[in-house]
Amino acid sequence: MLANLIGGKWREPRGCDSVPLFNPASGEVIGQAPLSSAADVAEAAAAAARAFAGWAATPVMERTRLMFTYKAVLERHFEELAAIVTRNHGKTLEEARGEVRRGIEMVDFACGAPTLLQGRTLRSVSTAIDQDYYRYPLGVVGGIVPFNFPVMIPLWMFPLAVMAGNTFVLKPSERTPLAAVRLAELFAEAGFPDGVLNLVHGAADTVKALLAAPEVRAVSFVGSEPAARHVYQEAARHTKRVQAAGGAKNHIFVLPDADLELAIPAIMNSAFGNAGERCLAGSVAVGVGAASAHLTERLEQSARRLRLGPGDQPGVDFGPLVADDHRRRVLGHIERAADQGARVVLDGRSAEYVQRPGFFVGPTILDQVTPAMAAGREEIFGPVLSVAQVGSVREAIDLVNRLPLGNMAAVFTSSGRAARQFRDEVECGMIGINVGVAQPLAFYPFSGWKSSFYGDLHLQGSDGVDFYTRKKIVVSRW
Ligand code: NAD
């Protein structure tokens, strides 16, 4: 059974239920994650609150030195972290390395604290009067993360939060908590004081307790849309600051003037990379006008070449899904799409995939998908690419804008004019132009729109700095 980290001590939660952890490539049980009680959460929040005053008073340069040390420690354990991700999540080692790198880039960004945390000053706003603002930490911040990026998403949160002088309680995903445990151990190894980062395992009830804890002043959440909406509403009910990133249904449009040599591999990577378990996954490829003619065929040919297997084996393009219940949900999506009239061009339900040990689903392509079908509207979060057709760029933009979710949309074209229209008129917070996965790096906000994000200030970048600090304005006359 995994332990919680509370005030610098690893402690087993008291008398609670647990859920099994799997190696998704084999289906074998590799551990148990406790579902911590409200009392465990209360202890973690209290430990974080006790550590707050000392940590907030620690000079920025000292905090920064510790973060540089953390960066070095993470680099030393880079391969180990990637291997943990592959073992507990299932993605390929190459994908896991990519995720660890993106996560460490958030640590790099947080090391810029002496610049990022600066306030502003304007002298002589009136006769002999100056105005300044200073940034202050909030107190205890709670972080709740999804299963799909077990290193990167915790690192979106706690490095920046603690650099701003806050203390933190992290609630990892109950499906992939192993990497978070290692991140916390390495954080202590870097020399951060006890109680600055605390970790409590659990699921929805543990989150409920975290949202209710009076010491917790702000909540960062990443996960599915219903959970994001719920966390946003609950955190607001408890008068906490909140940022809640939710689900996605990302469309990738191919215009007749697109370079298909670029577009097809990019769509493959977007749809099937990470087994489709990515909030930036391209879920629907849409041929615009004449581009529809051979699009499905080209995509099918490429998808047939994808190699599926355990993520730790060389030459594998994508691995299994995270859990058997998730695999069954994805298989159900394929079945429903077929029932609703989609043509199953490539079927990941075939025996060669689903009868292996582990939680595999093969690459799947559904053709003639419309927004009236669930496959055209709902997030599937698996290796399933739908293909649709529209007549014009206008119709493409309208198709995306009618969807409630607005995380990412992408367009492949050689027309600057079409790309610009797409950029300006599509109501999604992340846009790819001849790019299949429009991932903002650490210094830009991870900018979901509409129901893909609840709150004002996003994770990462200057939004992250603003979220984890509050400003104090000083008006002085001398
Ligand atoms: P999930 O919503 O099931 O769980 C996310 C976290 O919330 C977990 O820690 C879980 O324990 C907790 N949780 C679950 N239900 C809850 C509830 N009712 N109340 C409070 N907490 C709850 O999501 P998941 O399956 O772990 O992750 C996949 C989802 O995350 C997908 O929808 C994906 O698009 C989304 N995601 C979004 C982003 C983004 O930046 N927008 C990034 C990664 C993943």
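Using modelled backbone amide H atoms (1.01 Å from N, in-plane), which distant-in-sequence or interchain residues come within less than 5 Å of Leu346's amide H?
Distant-sequence amide H within range of Leu346: Ile365.
Calculate, axis by axis, the spread of Cα positions in the chain along the three principal axes, and write the results as whole Å, longest axis first.
Sorted from largest, the Cα extents of the chain read 73, 60, 40 Å.
Using a 10 Å cut-off on Cβ atoms, rank the peptides 331-341, 56-66, 359-369, 423-433 from the highest mean neighbour count down. Provide the component values of the computation, followed by the final result.
Numbers: 331-341: 15.8, 56-66: 14.2, 359-369: 24.7, 423-433: 18.5.
Taking the mean over residues of other Cβ atoms within 10 Å, the ranking is 359-369, 423-433, 331-341, 56-66.
Show that you can apply the helix-only estimate: for the chain, add -39,500 (n - 2.57) for every DSSP H stretch of four or more residues, divide by all residues, and state [θ] at 222 nm to the nearest 500.
Mean residue ellipticity at 222 nm (helix-derived): -12000 deg cm²/dmol.
Given H placed 1.01 Å from N in the peptide plane, which residues other than close sequence neighbours of Ile129 have an amide H under 5 Å from its amide H?
Ser124
Whole-Hz ³J(HN,Hα) for each residue in the stretch 467-478, computed from phi via Karplus 6.51 cos²θ - 1.76 cosθ + 1.60 with θ = phi - 60°, x for glycine and proline: what do you get?
Result, ordered by residue: 5, 8, 9, 10, 9, 10, 9, 10, 10, 10, 10, 10 Hz.
Could you give the size of the charge dipole of the stretch 220-332 about its Cα centre, using +1 on the Cβ of each K and R and -1 on the Cβ of each D and E, expressed in debye and rounded to the nearest 20?
520 debye
Ordered by packing density, taken as the mean number of other Cβ atoms within 10 Å over each peptide's residues, highest first, how do 32-40, 411-419 rank?
Top to bottom by mean Cβ count within 10 Å: 32-40, 411-419.
Rounded to the nearest 5, what % of DSSP beta bridges with both residues in the stretch 250-433 are antiparallel?
Approximately 10 percent, going by the DSSP bridge assignments.
Pop the C-beta distance of Trp10 and Ala203 into the FRET formula with R0 = 22 Å and round what comes out to the nearest 0.05.
Efficiency, from the Cβ-Cβ distance: 0.65.
Is there a pair in Lys240/Lys472; Lys208/Lys249; Lys240/Lys471; Lys171/Lys240; Lys450/Lys472; Lys9/Lys171 whose C-alpha atoms are over 22 Å apart, and which pairs would that be?
Going by Cα-Cα distance, Lys208/Lys249; Lys450/Lys472 fall outside the 22 Å limit.
Which of the listed residues, Cys111, Ala72, Ser124, is farthest toward the dipole's positive end in the stretch 70-141, when Lys, Arg count +1 and Asp, Glu count -1 at the beta-carbon?
Ser124
Note down the magnitude of the dipole of the chain about its Cα centre, charges +1 on Lys and Arg C-beta and -1 on Asp and Glu C-beta and zero elsewhere, to the nearest 20 debye.
Numbers: 49 positive and 49 negative charges, 236 e Å.
For the chain, the charge dipole is close to 1140 debye.
HN-Hα J couplings of the stretch 224-240 from phi, Karplus 6.51/-1.76/1.60, θ = phi - 60°, integer Hz, Gly and Pro as x?
My calculation for the stretch 224-240 gives 6, 4, x, 5, 4, 5, 5, 5, 4, 5, 5, 5, 5, 4, 8, 6, 9 Hz in order.
Pulled fully out, how much extra length does the chain show between Met61 and Gln301, if you take 0.36 nm times their separation in residues and subtract their Cα-Cα distance?
Stretched fully, the Met61-Gln301 segment lengthens by 80.9 nm.
Considering only the other residues whose Cβ falls under 11 Å of the Cβ of Asn4, what net charge follows from Lys and Arg at +1 and Asp and Glu at -1? Intermediate values should be presented prior to the final figure.
Values: positive: Lys9, Arg11, Arg14, Lys171; negative: Glu12, Asp40, Glu43.
Once positives and negatives cancel, what remains is +1.
Less than 12 Å Cβ to Cβ from Glu99, Lys/Arg counted +1 and Asp/Glu -1: what total charge do the surrounding residues give?
Residues near Glu99 contribute +1 overall.
Could you tell me the relative contact order of the stretch 200-243? Use alpha-carbon pairs under 8 Å, at least six residues apart, and round to a whole percent. Can you show the working numbers first?
Numbers: 31 pairs, mean separation 17.9, N = 44.
Computed value for the stretch 200-243: 41 percent relative contact order.
Give me the angle, in degrees from 0 to 90, between the Cα long axis of helix 295-304 and the longest principal axis of the Cα atoms of the chain, rounded to the nearest 10.
70 degrees
Give me, ordered by chain and number, the residues 5 or more places off Val411 or on other chains with an amide H under 5 Å from its own placed amide H.
Phe253, Gly432, Ile433, Asn434, Val435
log₁₀ I(q)/I(0) of the stretch 1-96 at q = 0.11, 0.13, 0.25 Å⁻¹, via Debye over equal Cα point scatterers, no solvent, to two decimals?
So the normalised log intensities are -0.53, -0.72, -1.12.
Chymotrypsin sites (Phe, Trp or Tyr not before Pro), restricted to the stretch 92-158: which are DSSP loop and have at most 10 other Cβ atoms within 10 Å?
Here no chymotrypsin sites (Phe, Trp or Tyr not before Pro) fit, given the DSSP loop and packing criteria.
Stokes-Einstein D for the stretch 250-433 at 20 °C, 1.002 mPa s, Kirkwood Rh over Cα pairs, in µm²/s? Before the final figure, lay out each step's value.
On the way: Rh = 16.3 Å.
Estimated via Stokes-Einstein, D reaches 131 µm²/s.
If you plug each phi of the stretch 91-96 into the Karplus form 6.51 cos²θ - 1.76 cosθ + 1.60 with θ = phi - 60°, what whole-Hz ³J(HN,Hα) values come out, in order, with x for Gly and Pro?
Once θ is set to phi - 60°, the couplings for the stretch 91-96 become 5, 6, 4, 5, 5, 5 Hz.
Considering only Gly429, Gly461, Ser415, whose Cα is most displaced toward the positive end of the charge dipole of the chain, charges sitting on Cβ of Lys, Arg (+1) and Asp, Glu (-1)?
Value computed over the given set: Gly461.
Hey, got the dipole for the stretch 250-433? About the Cα centre, +1 on K and R Cβ, -1 on D and E Cβ, debye to the nearest 20?
60 debye
Using a cut-off of 14 Å between beta-carbons, work out the net charge of the residues near Ala82 (Lys and Arg +1, Asp and Glu -1, Ala82 not included).
Taking every Cβ under 14 Å from that of Ala82, the sum is 0.
How many nm separate the modelled label positions at Asp257 and Asp324, each set 7 Å beyond the Cα in the direction of the Cβ?
Rounded to a tenth, the inter-label distance reads 5.3 nm.
Multiply the residue gap between Glu378 and His238 by 0.36 nm, knock off their C-alpha separation, and tell me the result in nm, one decimal place.
Stretched out fully, the Glu378 to His238 stretch lengthens by 47.4 nm.
Grab the Cα-Cα distance for Glu28 and Glu94, subtract it from 0.36 nm times how many residues apart they are, and report the gain in nm with one decimal.
21.5 nm
For Gln131 and Ser462, what does the FRET efficiency come to when R0 = 25 Å and r is the distance between their Cβ atoms, rounded to the nearest 0.05?
Efficiency at R0 = 25 Å is approximately 0.75.
Read-outs throughout are calculated quantities, based only on the coordinates presented, and are distinct from any laboratory measurement. Not measured: the values here are computed from a predicted model. Backbone-built Cβ (ideal geometry, glycine too); neighbour counts: all protein chains shown.
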